[in-house]
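Here the structure comes first, spelled out in structure tokens, and everything after it is commentary.
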Amino acid sequence: MLRILLILTIGMAVQATAQDFNLQVEKMNGIVYIDGVDLGKKLKMNMAWQSEAGILQIGNSYWALGSSWVNLKDTNFLLQTAVQSKISSKQSFWLPLPSSLRIFEKLLNRPIEYDSATAKIYSKPTKDLWSVNLDSKENGEVVELKLSKPFVTETFFTKPNYLLRISGLVIDSAMFSDLAKKSSMISRVIPIQNKQSVQITLVIKDNCEGVELVKKDEGKTLQVVLRKKHYEAKAQTSSSSAAQASGSKKIKTIVLDPGHGGKDPGAIGHNSLKEKEVVLSVGLKLKSKLEEKGFTVKMTRDSDEFIELAKRPKMASDWGGDLFLSLHCNAIDGKERQLRTEGFTFYILRAGGSEEDKAIARRENQAIVLESDKKGKTEISPAEWIILDNQLALYAEKSALLAGYLVESFDGGSIKKMRKGASQAGFMVLVGAYMPAVLAELGFITHPSDATYMSTEKGQNEIAENLAKAIVNFSK
């Protein structure tokens, strides 16, 4: 058994108090787990045990034994591995580190950090950000942040996302909770606390012409100035009100990406079935079903043509997509393994995953080899994961939620669920999709039962119907 010191600093904006106490931590298969029951008690959080369902409620979060998914305020979060009931003969609710700490950050509204070198967990007090205010003017709005001292800032603006990164600042994300509700120019605010900085993303509405950061009081006051478009400043017409009403739908434009195509057949499966043909047929059927429900649907390909991997997510972003779904069929080598390996899995873009998941990603990434005469790489490097941090931080939670709805829609159907039905890996086709994005492995094209079902008109229609159902539920 491994014991570590958990140092939690819990306090208000101006004055903080610290509590130090020991918690039990265990290690299994290279993953560190923390005793969730002990942690909840030490934090004096309300807990409830649903024995029949195997669910532990900690605050507003729900943790299920054997599951990698955690529900918090109607949003699902994906852990790096499942919650365990027993490690080293010790019964409890064992939660994997560090991903479980992200849930406790949201419960406490405090950044929590795990330092593997010193085996310590700690949270900093939020006293450097004093206030967040919104001032509405005739020609725009001003978001003002009052700080205790000057901080180094960076800004990035790629419509509709305005990113303000402040190095060394620790915030209470609750201070931004009602900002979008008060604003007529901001649809969403996403504050993300990292170890070295905080990133505040403002999702800007179409009525904004430009954004500028102004520093006052020697840098201790930051003002994000949003300028209205000229026609918005002059008058609020009935047509603009109608446009705002029609824009209230959460998801409007869906981008479907049938994988492979043209010179890239994808996997060749049972009875010579081609992956590129199955996913294109399912994609076209899904497009019709979604359009019937009022969505705008774009497809990266609607015929047998080859589209480069990097172009697919870029097309989705250029089209202003609100959701990106890449369609694929899984495959495996070896006759014996082909007979016993079946099932669907929905993937989100995230580092890690099992070796099996990494192998699946490498196979799907092989399409990059066809893009030039040179041998292409099939894995995302550690340095590239760092660059992808912004995209992951913005959309990982929504992507995980979408994957959860997809698993729920497919569970119990003609194609079985492979393991938990949802996982994570470095699929290059998801890189650059600045929206919730999921790669669907609809089934194993090398498994006789899966392949036969996916090759039929009935099977493809049912798959398309299940996909559409999940997307509709996600969009509500």
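Laid out as a table, the results:
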| quantity | calculated |
| --- | --- |
| Euclidean distance of C-alpha centroids, the range 308-342 and the range 172-199, integer Å | 33 Å |
| Burial ranking of peptide ranges 466-472, 434-440, 416-422, 191-197 (average Cβ count within 10 Å, highest at the top) | 434-440, 466-472, 416-422, 191-197 |
| Shape category assigned to the range 129-235 from the gyration tensor of Cα positions, a/c cut at 1.5 | prolate |
| Burial order of peptide ranges 46-53, 273-280 (average beta-carbon count within 10 Å, highest first) | 273-280, 46-53 |
| Highest-first arrangement of 315-323, 149-157, where packing means the average Cβ count within 10 Å | 315-323, 149-157 |
| Above-threshold pairs, the threshold being 31 Å between Cα atoms, out of Lys285/Lys398; Lys298/Lys335; Lys73/Lys195; Lys41/Lys220 | Lys298/Lys335; Lys41/Lys220 |
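The numbers here are math on the coordinates, done by the rules we state, and not lab data. This structure is a prediction, so every number in the text was calculated from the model and none was measured. As a convention, Cβ positions derive from the backbone with ideal geometry for all residues, glycine included, and neighbour counts pool all protein chains shown.
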